[in-house]
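The values are calculated or read from the model by the stated rules, or taken from the named source; none is laboratory data. Every value quoted in this text rests on a predicted model; they were computed, and no experiment measured them. Virtual Cβ from ideal backbone geometry, glycine too; neighbours counted across all protein chains shown.
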Amino acid sequence: MSEIKKIKEQYLSKLNEFLDQNKLTEIKTELFGKNGIISTKFKQLGLITEEKRKDYATELNLLKNELQELISKKTEEIQNQEINKKLTDDNIDVTLPGRTYFAGKIHPVSQVIDEVTSIFSEIGFSVEEGPDVESEYYNFSALNTPENHPARDMHDTFYLDYSKFTFTNTYIACSN
């Protein structure tokens with residue numbers, strides 16, 4: 001019996017046994033790895049005489065293709081078995097309530113502002129809303145802030161040039 005037939009019978013019997021993914025990977029490495037049996041046989045083709053080389057290479061190619069096909073089928077079978085096992089083992093009760101969803105919490109600063117606002121609202125004060133940006137007149141002059149007051153300095157107040165916006169006044173002042 002030739003070497004190739006012995007290898008074929010040996011590995012066909014190994015592949016027909018019950019295998020797991022690790023064992024199948026080991027067999028694949030034994031056959032097709034860098035120093036695997038089939039890889040070594042292909043490297044030794046140059047040592048064979050020309051008359052026998054063609055038949056030997058054909059036989060070796062057929063063996064390689066057959067074993068690769070069988071390994072890929074076995075891999076697919078093992079993966080399908082694992083999926084089926086997971087499906088039978090995992091029982092999902094669809095009648096159970098869903099997971100609770102936590103939307104988050106109010107920021108501590110916002111919480112304090114809300115509390116202070118509610119306290120002042122209870123004693124008679126009201127909350128007034130206004131624009132975020134005010135003109136210099138409403139921010140300082142209407143509040144009787146003198147012209148030489150430090151809050152009117154350029155490093156204490158943000159001044160915006162109205163010419164870049166569509167407003168009627170020249171400057172906007174925001175006090176911090």
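Spot the failing condition for residue 118; the list is (1) within 42 Å of the chain's Cα centre (by Cα); (2) of a type in the set (Ser, Thr, Tyr); (3) outside the structural domain of residue 17 (by TED's automatic domain parsing); (4) in a helix (DSSP H, G or I), and only one is missed.
Going through the list (1) within 42 Å of the chain's Cα centre (by Cα); (2) of a type in the set (Ser, Thr, Tyr); (3) outside the structural domain of residue 17 (by TED's automatic domain parsing); (4) in a helix (DSSP H, G or I), residue 118 breaks only (1).
In the stretch 119-148, what residues are of a type in the set (Val, Ile, Thr) and either surrounded by 11 or more Cβ atoms within 10 Å (Cβ to Cβ) or under 15 Å from residue 159 (Cα atoms) (or both)?
133, 145
Name the pairs whose Cβ atoms lie under 7 Å apart, with the first residue in the stretch 133-149 and farther than 19 Å from residue 161 by Cα, the second of a type in the set (D, E, K, R), and 6 or more positions between them or separate chains?
Note: pairs meeting the criteria are 145/152.
Anything in the stretch 130-149 that is at pLDDT 85 or above and of a type outside the set (Phe, Trp, Tyr)? List them, or say none.
Answer for the stretch 130-149, where residues must be at pLDDT 85 or above and of a type outside the set (Phe, Trp, Tyr): 136, 139, 141, 142, 143, 144, 145, 146, 147, 148, 149.
Which of (1) part of a helix (DSSP H, G or I); (2) on the phi > 0 side of the Ramachandran plot does residue 104 not meet, given it meets every other one?
Condition (1) is where residue 104 drops out.
What number of residues in the stretch 45-78 are of a type outside the set (A, V, I, L, M) and under 16 Å from residue 16 (Cα atoms)?
Looking only at that region, the number is 9.
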